Amino acid sequence: MKIIDEFNTTSDRGGVLIGNEDWQLLVPNGYGDGTTYIHIMQFKDFKEQFDYVREMEKIKEANKLRFWYFTLVQGSFGIYGYDATDVFSRPVTELSGDYLIYYSEKNVYFLTY
C-alpha cells in the first residue's frame, strides 16, 4: 500500500464534496460538520486492496468503528476543501481513475490499485 496524499477538508454539510465542472457529489464523512480527514491510497493489486478493506472491517467489528462503503467513482474528478460551496471552485487535489470510496467517523478513504 502507498499513501498518495492525506489532507483535511471542512464540512458544513456533513461530507466531502467531489466532482468537476459537470457534476458534484457529497460523500458522507460519518460524523457531520467540522473537519474531515482525507486518505488517498494506492494498492499494488485488487487482493492487497481487498485485504486492507477486510482488516478495516475487523477493526470495525472489534471497536464499533463505522467503516462503510459509499460508491465507486470512475474518471476525472476533484476533491474540494469545503463541502458547502455553491460555485465551482478549484479542488484541493484532482484524481483520475477508478476509486472505491469508504467513510468512517471524520474520515473519507479513496482507494485505488
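The values are calculated or read from the model by the stated rules, or taken from the named source; none is laboratory data. Note that the coordinates shown come from a computational prediction; the quantities given were computed from them, not determined experimentally. Don't worry about glycine lacking a Cβ; one is built from the backbone with ideal geometry, like all the others, and counts go over all protein chains shown. The protein model used for the area step is the full one, side chains on, heavy atoms only, and it has no ligands, DNA or RNA in it. Shrake-Rupley method; radii C 1.70, N 1.55, O 1.52, S 1.80 Å.
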Accessible area per residue, Å², the chain with all protein chains present, probe 1.4 Å: 58 Å²
Square roots of five times the Cα gyration tensor eigenvalues for region 1-68, Å: 24, 18, 11
Apportionment of accessible area to carbon and sulfur, the chain, percent (1.4 Å): 47 percent
Net lengthening on full extension, T71/D51 (0.36 nm per residue, minus Cα-Cα): 5.4 nm
R0 of 22 Å, Cβ-Cβ distance T112-E21: FRET efficiency to nearest 0.05: 0.50
FRET efficiency, K2 to D33 (Cβ-Cβ, R0 25 Å, nearest 0.05): 0.20
Sparse-neighbourhood loop sites, trypsin sites (Lys or Arg not before Pro) in region 38-113 - DSSP loop, at most 10 other Cβ within 10 angstrom: K44, K64
DSSP-assigned coil residues among GluC sites (Glu not before Pro) in region 21-80, each with at most 13 further Cβ atoms within 10 Å: E21
Rounded FRET efficiency, nearest 0.05, which uses the C-beta distance separating R90 from I59 and R0 of 35 Å: 0.50
